[in-house]
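Some notes on the structure that comes next.
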Amino acid sequence: MLNLLWKLVEDESDAESRALAEMLKVHPELPDWSAAVRPLLDRLLQSNDIKRSFVCRVLSGMPFNALALSHKTIVIAESLVDFCRGQTHQMAFVVAHEISHLYRRHARERSDISTVAGMVLTTNPIVGFGLKALLDRGCSRENEFEADRDAATFCHRAGYSALAGADFLQRLASGELPKNMIQQLLSTHPPLSERMAELRVWTDKLRAAATA
C-alpha cells in the first residue's frame, strides 16, 4: 500500500490522492482529531512564512508513525497524537518534521532514486537491488536528520520549544511505549540516540544565535 507514495508520476496531487484513498480504506480519518492538530500546523506555516497549503489528517488504527505524502498531506497515527496529549510542543515538533519533508520534497527525491535504481535493475538485478538499498538508506537517513533540524527551527520561530524534538525522542527511547508500537517508526528512521544527539547540537546553535 505505502509503495504508492514513492511512484514517480507527473502529477504529485493525483498520486497522493490515490495513496491516501488506499490508506483511508484501512485507517479511517478522525475528523475531530485532525481539527485539533490543525492550529499547530497553521501556526508553524505562518510563523515560517511557508506559503504552500498543507493539510493534516489523523488516522485510526495506523501504526505509530507520521508520514508526509507526495504533495500536501501529513498523515499522523491516532496513537502518536494520543502519545503527545498534553505535550503541545512535542506535537508541534512532529508536525514540523513532516512539514519539512513536504517543503523539501523528500518524497520526490526518493522516487527519483528508485527510478535510477530501477534502470540498473533491468541490466544487472543484483547490482540494482544493492544500489537501491544503499541509496535509499543514505537518502532516508539524511532526509530525517534534515527534517529534524528544520523542525527544531520551525518550532523555535513559532514560539514552541526547540528542545521539544529531543524531549519527544527521549520519551520514545525511555520505553514509555511498548516496543512493538514504535517498531514501524524505528524501521524507517535513524537510531533515536543519533537523532537526539544531532537535535541537541542544532538547538544549541539556535539558542546561541538567538542570544548573539
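Some values worked out for this structure:
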read-out	value
Hits in the range 44-74 - residues which are in contact with a Cys (Cβ under 8 Å, 6 or more places away or on another chain) and not polar (S, T, N, Q)	Leu44, Ile74
The range 190-212: number of residues that are of a type in the set (Ser, Thr, Tyr) and more than 10 Å from Arg149 (Cβ to Cβ)	2
Residue among Val81, Val94, Val55, Val75 that is within 20 Å of Leu199 (Cα to Cα) and within 15 Å of the chain's Cα centre (by Cα)	Val94
The range 152-172 residues that are among the hydroxyl-bearing types (Ser, Thr, Tyr), paired with ones that are surrounded by fewer than 21 Cβ atoms within 10 Å (Cβ to Cβ) (beta carbon under 7 Å, 6 or more apart)	Thr153/Leu206; Tyr160/His89; Ser161/His89
Subset of the range 172-189 [buried (at least 17 other Cβ atoms within 10 Å of the Cβ) and modelled with pLDDT of 80 or more]	Leu172
Residue in the range 6-14 that is in contact with a Lys or Arg (Cβ under 6 Å, 6 or more places away or on another chain), at negative phi, surrounded by 17 or more Cβ atoms within 10 Å (Cβ to Cβ) and at pLDDT 90 or above present	no
Residue in the range 88-106 that is assigned to a helix (DSSP H, G or I), modelled with pLDDT of 70 or more and of a type in the set (Phe, Trp, Tyr) present	yes
Qualifying residues in the range 52-106 (those that are farther than 21 Å from Val26 by Cβ and out of contact with any helix residue (DSSP H, G or I) (no Cβ under 8 Å at 6 or more places or on another chain)) - the one surrounded by the most Cβ atoms within 10 Å (Cβ to Cβ)	Leu102
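The values are calculated or read from the model by the stated rules, or taken from the named source; none is laboratory data. Keep in mind that what you see is a predicted model, and the values were worked out from it rather than measured. All Cβ positions, even for glycine, are placed from backbone atoms using ideal geometry, and neighbour counts span all protein chains on display.
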